[in-house]
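Quick note: the coordinates plus some simple rules give every number you see, no bench work behind them. Quick caveat: nothing in here was measured; it's all calculated off a predicted structure. A quick note on method: Cβ atoms are made from the backbone with ideal geometry, for glycine too, and the neighbour counts reach across all protein chains shown.
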Amino acid sequence: MLKDITLGQFFPGRSFLHRIDPRTKIIAALLYIVAVFLCDSIMSFIILLAATLALIALSGVPVKIIVKGLKPLIFILAFTTIYNVFFYKGDHILVHWKFITIYLEGVVFALIMGLRIICLLTGSSVLMTYTTSPIMLTDGIERLLSPLNKIKAPVHEFAMMMSIALRFIPTLVEETDKIMCAQKARGADFSSGGLIKRARALIPVLVPLFISAFRRASDLAVAMECRCYRGGSGRTRMTKTHFGARDVILFTATVILGTVIVLSNIYFPIWMI
Amino acid sequence: MSVPFIKVEDLIFTYDDEDSIDKHYVLKNLSLEIEKGSFVCVLGHNGSGKSTFAKLLNMILSPDEGKIYIDGLDITDPEITEDDLFEIRRKVGMVFQNPDNQLVATIVEEDVAFGPENLGVEPSEIRRRVDSALETVGMSEYATHAPHRLSGGQKQRVAIAGIIAMQPECIIFDESTAMLDPQGRAEVMNTIAKLNREQGITVIHITHNMDEAVKADRVVVINEGEVFLDGTPKEVFSNVEKLRRAGLDVPQVTELFYDLSNHGVDLPSDILCEEEGAEILSAWLKK
Ligand SMILES: Nc1ncnc2c1ncn2[C@@H]1O[C@H](COP(=O)(O)OP(=O)(O)O)[C@@H](O)[C@H]1O
Ligand SMILES: [Mg+2]
């Protein structure tokens, strides 16, 4: 379960979004995130929700999978909702009972925050992680940052490091699991005692984990050398993506989304906080 | 006679740095020739220098002394260019023991593409090679899967596909079956045999498994940094005493027949295959 967090997300397919250049998707995701934070009125939220649903439809990823992907958010959502409902101060009292006062503004704000968080995660992951494999994604980052090569920034190395890190997360999570079981079998106790005692109990897990990670790293380096890896120069890619009509459509659509949201805030300022 | 694909002359190698006093020679005076298209098994106890030898063959390590010729080219020549070096690594591919530590990508086909991408092959050609390599190892239907969800044998086949996609002439398997369960082992062994038979790829298979060694054309035993025994499986495994001295086992059938003939039973002592052994035994018992 934990090991699927980063990788289980990619959903191979050939949808509209799958076939867009990763660079466009990264930029579109950034624009989309800005748009989410610009939302301030009921009208703008309706537009944002419509845009998010449209993105899901364009990605071809089943809604069931997207809802499942939201599960880790439950705690954050519950926390922000409770916090805003009970502690946000406003003018319109909704409930007043003993020392608890709930204001209308608090409820509205909690709703807005919840919607924002859900849209933020859904929209950006549909644009990037669900429809772009990690290699394509880091490849996109590498190409977006390539102007930095001029000032001798190690852009290719950075992208390679990221994609290898992503590749090894599930392997290392699995290994942590195994080591913890092995230490438990020897009588280690990870679930009782105070913070310090628990932190100390983790040392016998971290030490073998680090040793094994270094061994893996050196094995991998040799294996990469054997496969003729010599850095970014002279390297080609199997899937050469190009900007096409689809990219223009997605980019224009996200720019329009941002503009429409700003305009709707100005012209339909209902429920503005 | 044609030039051997790999020719190694008097290799000397040590991991110690140059001015340490008490040098531990991992390889000393190792000489060997390997013909194109052959299937060679390399045996030797742990720490006998097999992996070191493998890494010398594609210049991951370079020898202290001695010469290595790959396809006629002297790769120990100090003047060798970087392009020659990468050409050697393309020709002599290597598959390692732990399948997890040699896959770089999070999608099977992207991993297979890694080698050809490094070689600067055209995108459409990479696509073609990836598809055909996955087909060869029987992993086509997993092309878009994540490697960490595959079984050990499947991961190892993906690793092999990654090497095949570079169109090598020789593949070295460094204990590539050691971490696998019997089924994964069989999958990988079948793939290796197929590559050797159908594509004429020279195979150097380092293993501890005697039943795998029996299937090779030739068995080379390395001990204390030297070639200790060299010949067909029948020839090598008839030296039961010598192998035991080198810290190695022989296949169980061979051991049985060896002990029987040592005790004066009139049976051949060089039986490698269990079926063959069973037949001879039952014929002998009926007498
Ligand atoms: N990176 C290294 N640094 C120093 N010594 C090493 C290194 N790798 C292997 N050795 C030593 O070299 C010897 C041969 O190792 P190796 O070639 O891995 O043997 P094998 O693969 O046959 O088990 C061993 O004694 C081992 O301890
Ligand atoms: Mg070894």
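Okay, here's what the table says:
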| item | result |
| --- | --- |
| Amide H partners (placed H, <5 Å) of B:Asp16, local residues excluded | B:His24 |
| Gap separating the Cα centres of the range A:103-146 and the range A:230-262, nearest whole Å | 17 Å |
| Calculated SAXS-style log₁₀ I(q)/I(0) at q = 0.12, 0.14, 0.20 Å⁻¹ - the range B:1-116, Debye, Cα scatterers | -0.53, -0.71, -1.23 |
| Theoretical ellipticity at 222 nm over chain B - DSSP helices of four or more residues, -39500 (n - 2.57) apiece, nearest 500 | -12000 deg cm²/dmol |
| Extension reserve of the B:Asp16-B:His263 stretch, reckoned as 0.36 nm per residue once the Cα distance is removed | 84.2 nm |
| Antiparallel bridge percentage (DSSP; both residues within the protein assembly as shown; nearest 5) | 60 percent |
| Intensity falloff of the range A:1-100 expressed as log10 I(q)/I(0), Debye formula with alpha-carbon point scatterers, at q = 0.20 Å⁻¹ | -1.28 |
| HN-Hα J in Hz across the range B:224-237 - Karplus 6.51, -1.76, 1.60, θ = phi - 60°, x for Gly and Pro | 6, x, 9, 6, 9, 9, 7, x, 5, x, 4, 4, 5, 6 |
| Average silhouette area of the protein assembly as shown, convex hull of alpha-carbon atoms, in square nanometres | 38.3 nm² |
| Share antiparallel - DSSP beta bridges, the range B:6-250, percent rounded to 5 | 55 percent |
| Mean-position separation - Cα centroids, the range A:12-75 and the range B:247-284, in angstrom | 69 Å |
| Shape box of the range B:6-250 [Cα atoms, principal axes, largest first, Å] | 50, 43, 31 |
| Residue-wise HN-Hα coupling along the range B:208-214, computed from phi with Karplus coefficients 6.51, -1.76, 1.60 (Hz; x: Gly, Pro) | 10, 8, 5, 5, 6, 5, 4 |
| Qualifying chymotrypsin sites (Phe, Trp or Tyr not before Pro) for the range A:29-122 [loop in DSSP, other Cβ within 10 Å: at most 13] | A:Phe99 |
| Residues A:Lys25, B:Lys23, A:Lys98, A:Lys240 arranged by fewest to most Cβ contacts within 10 Å | A:Lys98, A:Lys240, B:Lys23, A:Lys25 |
| Mean shadow area of the range A:181-273 over all directions, Cα convex hull, nm² | 15.2 nm² |
| For the range B:263-273, 3J(HN,Hα) per residue [Karplus equation, 6.51 cos²θ - 1.76 cosθ + 1.60, θ = phi - 60°, Hz, x = Gly/Pro] | 8, x, 6, 7, 9, x, 10, 10, 8, 10, 9 |
| Order by protection proxy (mean Cβ within 10 Å, highest first), peptides B:42-49, B:265-272, B:101-108, B:80-87 | B:101-108, B:42-49, B:265-272, B:80-87 |
| Helix-only mean residue ellipticity at 222 nm for chain A, each DSSP H run of n ≥ 4 adding -39500 (n - 2.57), per residue, nearest 500 | -22000 deg cm²/dmol |
| Per DSSP, loop trypsin sites (Lys or Arg not before Pro) in the range B:44-153 with at most 12 further Cβ within 10 Å | none |
| Square roots of 5 times each gyration tensor eigenvalue, C-alpha, chain A, largest first, Å | 38, 32, 15 |
| Amide hydrogen neighbours beyond the local backbone of B:Met94, cut-off 5 Å, H modeled | B:Ile172 |
| Summed residue charge, Cβ within 12 Å of A:Ala159's Cβ, Lys/Arg positive, Asp/Glu negative | 0 |
| Long-range HN-HN contacts of B:Ser31 with modeled amide H, under 5 Å | B:Asp10, B:Leu11, B:Val227 |
| Mean separation of Cα contacts under 8 Å, 6 or more apart, over the residue count of chain A: relative contact order % | 37 percent |
| 14 Å beta-carbon shell around B:Ala105, net charge (K/R +1, D/E -1) | 0 |
| Extension gain (nm, one decimal) between A:Thr101 and A:Phe190, 0.36 nm per residue minus Cα-Cα | 28.0 nm |
